[in-house]
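The values are calculated or read from the model by the stated rules, or taken from the named source; none is laboratory data. All values derive from a computational prediction rather than experimental measurement. Note that we place each Cβ from the backbone using ideal geometry, even for glycine, and neighbour counts take in every protein chain shown.
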Amino acid sequence: MQTVLGAGGPIADELVNELHRNYTTDIRLVSRKPSQINDTDELVAADLTDAAATRRAVAGSRIAYLTVGLPLDSQLWERRFPVIMGNVIDACAEHGTALVFFDNTYMYPGTSAPQTESTAFAPGGRKGQVRGELATMLLEAIRAGRVRGLIGRAPEFYGPGSTKSYTNSLVFDRIRAGKRPLVPIDAHTERSPIWTPDASRALALLGNTPDAYGQTWHLPVDPDRKSYAQLIRIAGEITGRRIGYTVLPMPAFRLGRHFAEPLEEMYELLDRYRDDNIFDSTKFTARFPDFRITPYREGVKRITTSRATGRDLRGLR
């Protein structure tokens, strides 16, 4: 039995598909209101802030993948995420279940220095502090021998379907809807977005690779990094349209954060848009040289041509 804790998002759904395709059909989906993806999926409704419910959800699992996402709300993260991680670690320790944690990079410093698995945590805000705390909790449990676990860490997402990220919502979703894309801070800094299906496939591969445990892994990104300006130009080449963009400068966020909560929650992350964001996944590609990483041009083509028509893209400048 392989169990996905936090089923229902694009990462979790594609993870379930990958597990079903290549590893096992004995899969359990856990969330407050889980929905079946494959006919053989077992559904378990559970609140992972409830320790007893978490133990029941994990029981009988050989591997558990923690993919829970919460809305970008610092107070909510501080209140719930450490409780969830503590409950999951305890449940996995009790049942002898291996734990695969899907993590992000919010705890890293917002500088242009390359980010590797050994980069020291230096969070620039409350959400980064929470993410650093979660990773530390699991690493300490692994070092203490309480659980057999690993961390798969991903940078900013971009992807098909209902992928939720600033890159999708500000850039690609707007292009697909015929609107002018919005770029935070600087259109010419190098980015390292990860294609969400690649992140899920890599997470499944790590979870089913015995010697991957006890480590942190950066999930694979296309090493041919692009700026937002370059990604938008690629989208224009693919759609045959001239697509302009609007840069949202730092003063706009400073002012807007006082009036719009989403901008307040994004504010602490802006350093990573002001400078190059160099996410290094060479450790993964060295260990798994046959893993195919989706090139940015291919990913952009899939996003901009799915559910898009000439009418959708009319009027872009």
Checklist outcome for this item: Of the listed residues (G132, G124, G161, G86), the one being assigned to a helix (DSSP H, G or I) and touching a Pro at 6+ places or on another chain (Cβ under 9 Å) is G132
Next on the checklist: When you scan the range 81-100, do you find a residue that is at pLDDT 95 or above and farther than 26 Å from R28 by Cα, even just one?
Outcome noted: no
Checklist outcome for this item: Filtering the range 208-231 down to residues that are assigned to a helix (DSSP H, G or I) and either at pLDDT below 95 or surrounded by fewer than 24 Cβ atoms within 10 Å (Cβ to Cβ) (or both) yields P210, D211, A212, A229, Q230
Item to check | V68, sole failed condition from (1) outside any strand (DSSP E or B); (2) free of Cβ contacts under 8 Å to residues at least 60 places away in the same chain; (3) more than 24 Å from F291 (Cα to Cα); (4) not aromatic (F, W, Y) | outcome: (2)
Checklist entry - Mind checking whether some residue in the range 173-181 is buried (at least 18 other Cβ atoms within 10 Å of the Cβ), in the same structural domain as P249 (by TED's automatic domain parsing) and free of Cβ contacts under 8 Å to residues at least 40 places away in the same chain? => result yes
Item to check | Top-ranked residue of the range 173-207 - restricted to ones that are assigned to a helix (DSSP H, G or I) and among the acidic types (D, E), ranked as nearest to S281 (Cα to Cα) | outcome: D198
Item to check | Conditions (1) of a type in the set (A, V, I, L, M); (2) assigned to a loop (DSSP other than H, G, I, E, B); (3) touching a helix residue (DSSP H, G or I) at 6+ places or on another chain (Cβ under 6 Å); (4) closer than 20 Å to K283 by Cβ; number of the one not met by V147 | outcome: (4)
Checklist entry - Any residue at all in the range 100-111 that is touching a Ser or Thr at 6+ places or on another chain (Cβ under 6 Å), closer than 22 Å to S165 by Cα, surrounded by 15 or more Cβ atoms within 10 Å (Cβ to Cβ) and assigned by TED's automatic domain parsing to the domain that holds T49? => result yes
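For residues in the range 1-14 being hydrophobic (A, V, I, L, M, F, W, C) and over 14 Å from P160 (Cα atoms), which is farthest from the chain's Cα centre (by Cα)?
Step by step, filter the range 1-14, then rank; the result is M1.
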